[in-house]
Every structure is written in C-alpha cells, then in structure tokens.
Amino acid sequence: MAPRIDPSLPFPPLADLHHKHILLGVTGGIAAYKTAEIVRGLRRAGAEVRVAMTPAAGRFVQPLTFEALSGHPVAHDMFAPGTESAMGHIHLARWADAILVAPASADFMARVSLGLADDLLATLCLAAEAPLFMAPAMNRAMWRHPATCAHAAALAGRGVALLGPDEGDQACGETGPGRMREPAQLVLDLAHALAGGGLLSGLRVLISAGPTREPIDPVRFISNRSSGKMGYALAAAARDAGADVALVSGPVTLEPPAAVEAVRVETAAEMFDAVMARAGWADIYVGTAAVADYAPAEAETAKIKKHADRLDLALNRTRDILHSVAALPDKPFVVGFAAETDEVEAHARTKLEAKGADMVAANAVGSGAPGGFDRDENALFVCWRGGECRLPLAPKTEIAHRLVRLIAERYYAENTDQDP
Ligand code: CTP
C-alpha cells in the first residue's frame, strides 16, 4: 500500500518506523530539551517509544515530559520499587528493536565505552542486543578531547552508530562540532538504518531551482528575485525521503545539499537543456525555478554605452521547461510552482491544465505576502486533478517536508502498481 500521509501534521517526518520499538535514552546535556521533538517524530513515523533517562538528564528535563509524549512511564531509577516487576531492565532491553541515545554526553559515551553499568540507561545499553545509536552533544573542545575521541572510536569499532555531532552554534556560545543533530534528521537516520526506508526510496527526483539570468550585454542581465531556497530545501527533503536527487540550479548563493547531483546553469536555454537531458531519468520532476519568460533577442558582445536617450530591448519568449517535460511521451510525475501576486488559487488551477502538470504548488508573492521570494518562510496552495491542500506558513524546510509527503502520496496514487 502507498504510505498514508497527513500533511496537516506539524512536522511529519519522511520516515517509516511502523511496528518498531525504539528505546530512547536521554543523558544530561542542554540538548535534552530537544529530545521531546525526537519522541514526537518517532511516534509520528509509527514507532512505539519508551524513554529511559540518566539521573543527570532529569536535571534538564522532567521525566513527566517524556511520559506524556511517549504515553509510557519513563525508566530512570534502577532500584525503584515496582520497576522490575512492571518492565524490568532486561525486559526493556529485549523489547527494543533499536536504542537511540540522544543527547549522548561525553560522560555517557565514556561509561558505555568502558562497559560500566552504573545507572539504568548504561545498564540497558550493555544488556541490549539491539543496534545502538548515539547522537553525541557536547562542547566542541570536549568532543575533540583525545579521551572522547578514543571512546567514540571504541564505540564505533563495536558497531555503535554515531549520528553526528553537527557543526554550529553551541549553547556555551562557542561554534564548532558538538551540536546534537536535529531531531527530524535523527528520526530519518534511524528509519534509514532500520531499513524502514523513506517515502521516496528507489525513486529519482529532478528539481529545478533559483532564477535564470538572461544576458543583455557582457555586464548586464535580466533576472528575478528568486533565491532558490524553496528548491534547495525540496532537494534536501527528497534526498532525506530516500530519493536519488538531481538539482538543476540557476545562479544562487546557496550550497547544494550533500549527496545531491548539482548542475549549475545560467540562462533559461541552459536550464532547458539540463532539465530535458535528465527528464527521461526522473520519476518525478519539480520545477521550482523562476525561469525568465523572455530573454533578449540578441546579447550584445560589447557593453552597451549610454549614447541614446531611450533604449528599446527586443525580447523573445523562452521555451517553457515544465510544459515540455509534461509533454514527453514517457513523462515523469510533474510538479509545477506558481508565484502569483493575485488570485493565487485560480491561477494555480489554470496552470495545472495549461502546462499539463500533475500538481501545482502556488504561493503569493509581492508586497504584503508573508512568504515567497527570498524569504525563509512560505505558505502553499497545492492542487491536482481532483484535490487540493493548503500548507500554512512555515519555514521553507518544513514546507519542503510536507510537500514531499504530498508528492509521494499523489505519485503513488497515480502509479498504484509501483507502491513500495
Ligand atoms: N516555467 C518553466 N519554463 C518557463 C517558465 C516557467 O518551466 N519558461 C515553470 C516554472 O518553473 C514553474 C511554472 O512554470 O514551475 C510556473 O511559472 P510561472 O513563472 O509562475 O508561470 P508562467 O508560466 O511563467 O506564467 P506567468 O508568468 O504568465 O504567470
């Protein structure tokens, strides 16, 4: 069956963890407050979650938080009366299909590396035969300390999967490696490692992004305000959902997401060629690029001097990439974008038909619009033949995740024989 998707969920992960028992270990670190998001993400992905905390973790977050979010009592005291009869530590260790310790402090990594079993969580890690994942989180100097490096290497050598840490701003005010990996990413990492896979596993997704530049002369061009943020966020989300991703991008200042084939182009004609060359490879094409509709009929080879009082530029229509992909005999599932200043929903429906697309995602742009060009947030009206959905204003990374889920659902609805 196709994965069922509810795009109205606050931050649906792209992972599938149905029927998995995940034991989530929390150790003492400031990142422990983010672990609440991991519990929610794991449950949304279908997992059953039990939480075990070290005594230090309880100084940062109350067990009650995790009890409420997981729907089960939190294991934190090895010697609490009744604990062993309810679900003893050996039983809990056997119950788990995987253990994720997030955050994993330097102290906890050291203790597990040495095989110490001096609190409940460390005991569970020692007693369990299920795969063990750790998301280290600590100050950058602690992470780089030779003792921590030795423990991390020993754990990895014994098959413990270290997820992160990431680089970035730290709670202590410093910058460097040691940040806990983001909760949504940890949920995805776990899903991939446990072979539940992603929503787009095995599919090839081609995305166009950014503006194009149409040269007038060697120093001037016609372009637009597109930043490429939406397309780049979609490329990362599709990759996280397990797809092979190719990203054809006009000139932007963004770094392409890791593990994505990035193709840089400048003009609408170059983008046309790059997309059409890959359209046969793709199962899904998403045209987020703001392609110039008109380009100078001829680019001057020398800089135009300002001799005349008036200058007329002759422009030719560019070819419509989306329409051309949708017209291919063996076309991929085609998703168009529409940036509109007015009548967003009506224009989106018109473009769906006019371009022969399978889905159109439209947003309001211009003064007063909350999202869109060069903003970090966006809100989308998404339509297809026979349905529509509104994705309310949210960061573009989040909108990208929701849209990927919607695309996956529609893709499988139209390719029912290709259900995963
Ligand atoms: N598009 C395209 N090739 C073009 C122009 C647009 O592939 N030459 C694609 C965009 O990538 C987007 C969709 O068409 O997915 C809609 O783009 P938009 O600029 O909103 O619409 P236009 O077709 O250009 O129509 P108009 O400017 O009249 O609104």
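A few points about this structure:
- Springs join every pair of Cα atoms under 10 Å in this Gaussian network model of the chain, and among L190, L162, L328 the largest mean-square fluctuation is at L328.
- Along its principal axes, region 267-420 has C-alpha extents of 63, 39, 26 angstrom, given from the largest down.
- Kirkwood hydrodynamic radius over Cα pairs of the chain, then Stokes diffusion coefficient at 10 °C and 1.306 mPa s, in µm²/s: 67
- Across K229/K306; K229/K355; K34/K396, pairs whose alpha-carbon gap is larger than 28 Å: K229/K306
- Principal-axis tilt of helix 268-279 within the chain, Cα atoms, nearest 10 degrees: 50
- Compared with the dominant Cα axis of the chain, that is its longest principal axis, helix 396-414 is turned about 80°.
- Degrees separating the helix 146-157 axis from the principal Cα axis of the chain, which is the longest one: 90
- Element breakdown for the chain at a 1.4 angstrom probe: carbon and sulfur atoms account for 52% of the accessible area.
- If R0 is taken as 22 Å, the Cβ-Cβ distance between H145 and A56 corresponds to a FRET efficiency of 0.75.
- Our coupling estimate for region 333-342, obtained by passing each phi through the Karplus curve with A = 6.51, B = -1.76, C = 1.60 and θ = phi - 60°, is 6, 10, 10, x, 10, 9, 9, 10, 8, 8 Hz, Gly and Pro reported as x.
- Efficiency of FRET from Cβ geometry, L126 and L254, R₀ 60 Å, rounded to 0.05: 0.85
- Note on A299/E174: beta-carbon distance plugged into 1/(1 + (r/R0)^6) with R0 of 60 Å gives a FRET efficiency of 0.75.
- Label-point separation, R264 to L328 (7 Å along Cα→Cβ), nm: 2.5
- Sequence-ordered 3J(HN,Hα) estimates for region 177-186 from the Karplus curve with 6.51, -1.76 and 1.60 and θ = phi - 60° stand at x, x, 5, 5, 4, 4, x, 4, 5, 5 Hz, glycine and proline given as x.
- Region 264-319 and region 124-156 have Cα centres separated by 51 Å.
- Highest-fluctuation residue, A236, A68, A193 considered, GNM on the chain with Cα pairs under 10 Å: A68
- For region 204-414: accessible area per residue (Å², 1.4 Å): 47
- Most positive-pole-ward Cα, V248, Y232, P218, against dipole of region 204-414 from beta carbon charges: P218
- Fully extending the segment from T350 to A68, taken as 0.36 nm per residue of separation minus the present Cα-Cα distance, adds 96.9 nm.
- Calculated log₁₀ intensity ratio I(q)/I(0) where the Debye formula runs over C-alpha points of region 187-342, q = 0.08, 0.15 Å⁻¹: -0.28, -0.80
- Distance between the modelled labels on A193 and A413, one decimal in nanometres: 3.5 nm (7 Å Cα→Cβ projection).
- Accessible area per residue in Å² at 1.4 Å probe, computed on region 21-194: 43
- Between A400, A127, A346, the GNM of the chain built on Cα springs shorter than 10 angstrom shows A346 fluctuating the most.
- Projected label points at T341 and D312, each 7 Å from Cα along the beta carbon direction, are separated by 2.4 nanometres.
The values are calculated or read from the model by the stated rules, or taken from the named source; none is laboratory data. The model shown is predicted, which means the values in this text are computed figures rather than measured ones. Virtual Cβ from ideal backbone geometry, glycine too; neighbours counted across all protein chains shown. The protein model used for the area step is the full one, side chains on, heavy atoms only, and it has no ligands, DNA or RNA in it. Shrake-Rupley method; radii C 1.70, N 1.55, O 1.52, S 1.80 Å.
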